Amino acid sequence: MALLVEGLAFGTQDYASGSFGASYRFKNFQLDYAMNLPIQGVQGTYGNQQISFTVRFGEEPTSRLEGQIADERKMRLEAESKEIELRNEQEQIRTQIRQLTMENTRPEFSTNNEQNTTEINSPDQSIKKKEYAYKLSMKYYRRLVENGTTIDDRRTMIELIIKKYGKIGIDVSLAQDELKTINNINSSR
């Protein structure tokens, strides 16, 4: 970077002088030259001349604004990384909920190895398994909500849970209450 400077000065008692200077900077090196020449007043001099050579060591300090920009970039990258992690976790939870809600509701069968016959599990065991699956679905649903899923996704998931478990006789009142809450949120928009 090069810079040229000039100036004139006038004062009392016939004082007048002119000055000019030049500066050149390249990376960490800088060369400056300045000359002050009397035009009137002082006689018998060729003026003052100055030369300087500057070497800067180390890195240039960053401005406060550049530091803030760098910090904001770092925070944005961390936030984007966290968002990707949360989206992946949310998608895994959605998949697990879909699997749980789409699971076949046929009677459970088990094999008794000692008698080598197939028998149907008791109705109490089947209902307990379905109630457990319902509770697990609600647990995943709550985790989705904690991770900030959208209202539409919440409604879809809770409707699937109610549809699947309500028709097989499981008490889905908690899920129905949640659906009412979602509808109230949506209507207040």
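Compare the peptides 172-180, 43-51 by average per-residue count of other Cβ atoms within 10 angstrom and give them in order, highest first.
Sorting 172-180, 43-51 by mean packing, highest first, produces 172-180, 43-51.
For Lys82, give me every one of the lysines with a C-alpha distance below 18 angstrom, ignoring sequence neighbours fewer than eight places off in its own chain.
Within the straight-line limit of under 18 Å, Lys82 reaches these lysines: Lys74.
At 0.36 nm per residue, and after removing the present C-alpha to C-alpha distance, how many nm does the segment from Met35 to Thr95 gain when stretched out fully?
13.7 nm
We did not get these values from a lab; they are worked out from the coordinates using the rules stated. If you're wondering where the values come from, they're calculated on a predicted model, not measured in any experiment. Methodologically, a virtual Cβ is constructed for each residue, glycine included, from the backbone with ideal geometry; neighbour enumeration extends over all protein chains shown.
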